[in-house]
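Only one structure is covered here, and it is reproduced in the block below.
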Amino acid sequence: MQFWEKLTNQQIKERVFKALGENVNYYEENIIGIPASHLDSKVFYQNASFLQDAPFISTLIHNPNHIGCHTLGVSESFFKGTQQIEREVLELCAVDILKGEPYKQDGYVASGGTEANMQAIWVYRNYFMQEHGAATNEICILCSADSHYSMVKAANVLQVGFASVPVQEDTRQIDEAALHSTIKALKNSGKKYFIVVANMMTTMFGSVDDLDIYVATLDGTGCDYRVHVDGAYGGFFYPFSEENNKLNFANPKVTSITLDAHKMVQAPYGTGIFLIRKNLIQYTKTEEASYVEGEDYTLIGSRSGANAIAIWMILMTYGPYGWWEKIYILLRRTDWLCQQLTEARVAFYRHPKSNIVTLRSRHVSPALAKEFGLVPDNHHAPNWFKIVIMEHVTIEKLIPLIEKLKA
Ligand SMILES: *Cc1c(COP(=O)(O)O)cnc(C)c1O
């Protein structure tokens with residue numbers, strides 16, 4: 001671990017307040033040129049005594065704007081204190097979790113996985129257009145049938161093609177023969193450039209794509225492609241449950257990764273993380289963003305600096321070993337559930353290193369799904385219902401479900 005350490009509450013508090021002290025102070029300084037201020041003081045108390053012990057809520061009240069990307073070039077100087085913490089949290093994720101080399105990745109805290117995935121696809125679309133003179137209808141997103149629907153959104157917004165590859169019903173693994181025929185058909189229809197999105201745990205199944213299948217197939221076609229990893233769900237889980245995996249920056253084929261801190265990390269919404277190897281985010285530079293100090297490479301525009309602080313506080317509170325233990329406990333609990341389901345002869349899918357268990361719908365009545373808040377793959381005609389073993393999903397909460405499934 002180069003950047004990730006465990007800190008005490010006191011150390012965390014001191015660090016965050018120091019960062020806020022380095023940001024602009026609208027009360028004490030004469031800052032009159034930006035359409036920004038602290039949160040409304042009539043509504044949000046600025047002087048409550050508990051705030052001294054509440055670094056996150058204090059950051060919300062200070063309301064730093066992290067507009068732009070702070071891993072390259074210059075940034076808005078008004079918020080340099082908290083931007084530095086954002087840089088640290090990105091470096092921690094890129095290097096200590098995703099095996100990148102230090103200071104070799106750019107990134108930012110996005111609104112979520114949807115935006116981070118779209119940002120990646122935007123970069124590669126522009127790369128193919130600028131470097132290869134590609135037309136948008138020659139570019140195509142390629143991902144598995146279990147991929148998140150944000151890829152379909154991105155294809156629509158960015159006006160590139162979209163193709164999903166069938167997966168095997170029982171293993172949720174990409175069907176190699178179907179991948180070959182899909183690519184062949186796409187080539188015949190004029191697609192030449194592919195944006196592969198590989199899943200590091202899918203939303204519905206927790207399944208993990210075998211990137212080598214894409215690589216082996218695409219390398220034989222002569223087509224140019226780029227690989228983005230969607231770790232929106234699994235990015236803070238799978239690197240700990242399966243340390244030897246290929247979905248990280250140690251793999252030269254992987255150039256960008258999405259993580260979501262508002263899923264397994266339990267950070268507030270608005271904490272998607274986008275990471276990309278150096279010298280690529282330049283393809284989404286908006287030259288016209290002239291009122292922003294430095295340049296804007298991001299999709300979003302204004303965004304709360306408090307989000308980066310929340311991620312940093314959570315990760316530093318656990319430290320790397322604490323996080324590893326947390327994931328280990330969730331895995332063991334998932335093992336327990338699977339054992340019980342097997343004994344009860346309930347059919348399910350589970351990736352062995354995941355905390356999602358997806359039940360065949362024939363075992364799940366509408367009443368049972370409602371009682372336990374089980375989520376279907378499709379609300380109109382469900383084939384599957386999933387259970388996600390989060391921190392609050394204790395064995396005590398699972399026992400009544402097992403009993404009802406047995407009955
Ligand atoms: C949740 C999820 C997303 C979308 O993330 P949001 O933060 O909801 O925008 C994308 N991909 C996967 C695999 C997800 O699980």
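Condition check for Arg15 on (1) assigned to a loop (DSSP other than H, G, I, E, B); (2) surrounded by 12 or more Cβ atoms within 10 Å (Cβ to Cβ); (3) out of contact with any Phe, Trp or Tyr (no Cβ under 8 Å at 6 or more places or on another chain): one failure, at (1).
Residues of the range 18-73 that are in contact with a helix residue (DSSP H, G or I) (Cβ under 8 Å, 6 or more places away or on another chain), without any contact (Cβ under 8 Å) to a residue 24 or more places away in the chain and under 27 Å from Phe274 (Cα atoms): Ile57, Ile61. Tell me whether the range 222-229 contains one or more residues that are assigned by TED's automatic domain parsing to the domain that holds Tyr108, charged (D, E, K, R), within 11 Å of the ligand (Cβ to nearest atom) and in contact (Cβ under 8 Å) with a residue 60 or more places away in the chain. Taking every residue of the range 222-229 in turn, none turns out to be assigned by TED's automatic domain parsing to the domain that holds Tyr108, charged (D, E, K, R), within 11 Å of the ligand (Cβ to nearest atom) and in contact (Cβ under 8 Å) with a residue 60 or more places away in the chain. Of all the residues in the range 274-315, those that are modelled with pLDDT under 95 and among the β-branched types (Val, Ile, Thr) number 2. Taking the numbered list (1) modelled with pLDDT under 95; (2) within 20 Å of Ala120 (Cα to Cα); (3) of a type in the set (S, T, N, Q) in turn, Thr203 passes all entries but (1). Mind listing just one residue for me: the one in the range 194-212 that is more than 11 Å from the ligand (Cβ to nearest atom) and in contact (Cβ under 8 Å) with a residue 40 or more places away in the chain and, of those, nearest to Phe348 (Cα to Cα)? Here the residue is Leu211. If you check Val229, Val197 for being within 24 Å of Asn279 (Cα to Cα), crowded, with 24+ Cβ neighbours inside 10 Å, hydrophobic (A, V, I, L, M, F, W, C) and in contact with a His (Cβ under 6 Å, 6 or more places away or on another chain), only one passes: Val197. Scanning the range 42-99 for residues that are touching a strand residue (DSSP E or B) at 6+ places or on another chain (Cβ under 9 Å) and closer than 21 Å to Ala232 by Cβ turns up His66, Cys69, Thr71, Glu86, Val89, Leu90, Glu91, Cys93, Ala94, Val95, Ile97, Leu98. As a summary of the residue check, Asn245 satisfies the conditions (1) within 10 Å of the ligand (Cβ to nearest atom); (2) in contact with a Phe, Trp or Tyr (Cβ under 7 Å, 6 or more places away or on another chain) except for the one numbered (1). Among residues belonging to the range 248-273 that are hydrophobic (A, V, I, L, M, F, W, C) and within 15 Å of the ligand (Cβ to nearest atom), point out the one that is nearest to the chain's Cα centre (by Cα). Across the range 248-273, the extreme among qualifying residues is Leu259. Inspect all residues belonging to the range 284-292 and state whether any of them is in contact (Cβ under 8 Å) with a residue 60 or more places away in the chain, touching a Cys at 6+ places or on another chain (Cβ under 8 Å) and either surrounded by 24 or more Cβ atoms within 10 Å (Cβ to Cβ) or of a type in the set (Val, Ile, Thr) (or both). No, the conditions are met nowhere in the range 284-292.
The values are calculated or read from the model by the stated rules, or taken from the named source; none is laboratory data. Just so you know, these numbers come straight off a predicted model, no measurement behind them. Cβ sites come from the backbone with ideal geometry, for glycine too, and all protein chains shown count toward neighbours.
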